[in-house]
1. I'm told Pro273 meets every condition in (1) assigned to a loop (DSSP other than H, G, I, E, B); (2) under 30 Å from Ser102 (Cβ atoms) except one. Can you identify the failing condition by its number?
2. Can you tell me which condition Ala256 does not meet? The list is (1) within 26 Å of Ala479 (Cβ to Cβ); (2) modelled with pLDDT of 95 or more; (3) open to solvent by 10 Å² or more (accessible area, probe 1.4 Å), and all the others hold.
3. Among the listed residues Phe426, Phe413, identify the single one that is closer than 13 Å to His368 by Cα, outside the structural domain of Thr474 (by the TED database) and of a type in the set (Phe, Trp, Tyr).
4. What number of residues within segment 404-423 are touching a residue at least 40 places away in the same chain (Cβ under 8 Å), in a helix (DSSP H, G or I) and open to solvent by 10 Å² or more (accessible area, probe 1.4 Å)?
5. Take segment 107-118 and flag every residue that is closer than 18 Å to Val200 by Cα and open to solvent by 30 Å² or more (accessible area, probe 1.4 Å).
6. In segment 446-473, what residues are more than 19 Å from the chain's Cα centre (by Cα) and either part of a loop (DSSP other than H, G, I, E, B) or acidic (Asp, Glu) (or both)?
7. Search segment 94-116 for residues that are in the same structural domain as Asn193 (by the TED database) and pair each with any residue that is modelled with pLDDT under 95 and surrounded by 12 or more Cβ atoms within 10 Å (Cβ to Cβ) when their beta-carbon atoms are under 7 Å apart and the residues are at least 6 apart or on different chains.
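The values are calculated or read from the model by the stated rules, or taken from the named source; none is laboratory data. These numbers come from a predicted model, not from an experiment. Methodologically, a virtual Cβ is constructed for each residue, glycine included, from the backbone with ideal geometry; neighbour enumeration extends over all protein chains shown. Calculation scope for accessible area: heavy atoms of the full protein, side chains included, ligands and nucleic acids excluded. Shrake-Rupley method; radii C 1.70, N 1.55, O 1.52, S 1.80 Å.
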Amino acid sequence: MLKNHAPPNLIKPLLSFDLSFLSSISATLSPLQSARLHRFRLRRTSIRAVVAMSIPKFDSTGQSMPEHVAGNWYSVPGLRLRDHRFMVPLDYKNREASSKISIFAREIVAVGKEEQPMPYLLYLQGGPGFECPRPTEASGWILKACEEFRVVLMDQRGTGLSTPLTPSSMQQIKSAQKLADYLTHFRADSIVNDAEFIRVRLVPEARPWTVLGQSYGGFCGVTYLSFAPQGLKQVLLTGGIPPIGDGCTADSVYRACFEQIIHQNEKYYKRFPQDIEIVQDIVTFLAESEAGGVPLPSGGILTPRGLQFLGLSGLGSSAGFERLHYMFERAWDPILVPGAPKQISSYFLNTYENWVSFDTNPLYAILHESIYCQGASSRWSAHRVRADHESKFDAIKAAKEGRPVLFTGEMIFPWMFDEVKALRPFKEATQLLAEKEDWPPLYDGTALKNNKVPVAAAVYYEDMYVNFKLVKETASQIAGIRLWITNEYMHSGLRDGGGQVFDHLMGMLNGKKPLF
């Protein structure tokens with residue numbers, strides 16, 4: 001159909017024609033000239049869409065795939081949704097030779113606003129390795145955002161419906177080296193390239209959009225500011241300002257975070273002092289069990305150091321203390337028959353595995369330390385830094401001495417790839433990633449110092465995952481950023497008080513919140 005309307009040699013110049021010059025003189029045009037310019041822009045956008053749908057693309061099996069497919073509108077209470085799928089290069093630096101992967105994005109508007117012209121807002125989920133939320137109703141920050149935006153929830157590559165990398169799918173790649181090489185394309189730099197790929201195809205006239213980044217999504221937002229600021233109208237960050245130094249900053253992150261983790265442990269046991277003895281008993285039981293732990297339902301093993309990993313979810317988010325306490329309430333099976341052996345309940349073991357979720361989102365563990373690497377290896381940073389604190393974090397020794405057993409925080413350790421069944425097949429590939437030194441840059445300090453994009457960030461004073469001191473250091477290097485520092489929320493503030501958090505950040509950018 002395209003060939004009947006324009007010769008192929010005319011299509012490329014038309015698509016690549018830069019309208020910025022015309023836009024700069026639009027104010028000087030007559031009404032008739034302005035109308036003609038507007039119609040030309042619309043025709044150009046339409047042709048770009050037709051070309052995008054017409055150029056054949058191929059997935060990893062060699063099958064032809066369209067570059068962009070949009071679904072029909074459907075509903076959940078209070079919202080209208082539409083699914084989009086995009087075929088993107090696995091490797092943006094080698095597009096022609098690269099295989100393709102699929103990126104899924106869900107467009108959301110308030111009911112009745114499907115055809116209304118509104119600015120776009122892209123949401124970047126925390127992680128790494130977690131998909132966007134699945135809305136069930138109009139609530140939280142999405143409800144607030146849909147008052148003035150078209151919201152786009154993009155599943156980051158490798159998650160959700162974006163060519164998901166699951167324990168089963170990754171085992172299709174038999175070589176550990178090839179898998180490690182493949183996984184290097186799933187960091188923030190590639191995620192930002194995906195976002196730009198989508199923006200120029202989804203947003204009318206490829207206009208800049210607003211980006212909201214939560215936690216790791218905020219890290220991606222700072223990468224976006226570094227390398228593609230032309231795609232950004234404004235940026236909102238919630239609990240997600242990364243360290244941006246050269247090399248691997250993981251060591252500084254874990255050294256700083258251990259201090260906050262100890263503080264969170266102290267707070268937990270002050271709230272629930274009865275759990276001190278319960279946790280000590282569990283640690284002793286696990287240590288004295290055959291193989292140093294008990295089997296998990298999935299086929300892994302729960303050891304004392306594995307038990308400490310519960311701090312990742314239990315110590316850093318709202319209601320985490322309560323959830324952890326109620327989990328320990330049901331740690332033991334009742335003794336129904338006198339003399340029956342003591343054992344940890346199946347309820348506790350199943351709840352444990354649901355908390356760690358490596359069977360559904362293994363990328364979190366595999367890529368976790370690489371998100372801090374620029375031109376240097378991580379070398380299992382958390383494991384090395386923990387060794388400096390082992391006198392406090394040795395669970396077995398603490399239980400024997402009658403001290404509270406301390407939980408760990410957001411840290412991945414090499415022994416997990418032995419004890420967690422879902423991670424075992426990827427032990428060698430993850431080791432290669434831990435040793436990799438030639439990681440490309442994720443941030444551009446010069447670009448950030450010269451930043452012109454409005455940025456507002458919610459900084460949580462007692463954030464266990466993103467250290468306050470390191471956040472302040474980075475923020476001082478991003479021109480124009482405005483910080484809202486609060487202890488009213490924890491790291492999960494966007495989930496817990498989404499409407500208020502979103503409204504506060506927008507107010508900082510639109511003038512409703514005074515500068516001083």
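1. (2)
2. (2)
3. Working: Phe426 fails: closer than 13 Å to His368 by Cα.
The match here is Phe413.
4. Total meeting the criteria: 3.
5. Pro117, the sole residue that qualifies.
6. Asn450, Asn451, Lys452, Val453, Pro454, Tyr461, Glu462, Glu473
7. If the second residue must be modelled with pLDDT under 95 and surrounded by 12 or more Cβ atoms within 10 Å (Cβ to Cβ), the pairs left are Ser99/Ser60; Lys100/Lys57; Lys100/Phe58; Lys100/Asp59; Lys100/Ser60; Lys100/Met65.
Every residue, every condition in (1) surrounded by 15 or more Cβ atoms within 10 Å (Cβ to Cβ); (2) among the aliphatic types (A, V, I, L, M), yes or no:
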residue: Arg330; (1), (2): no, no
residue: Val337; (1), (2): no, yes
residue: Asn354; (1), (2): no, no
residue: Thr360; (1), (2): yes, no
residue: Ala365; (1), (2): yes, yes
residue: His368; (1), (2): yes, no
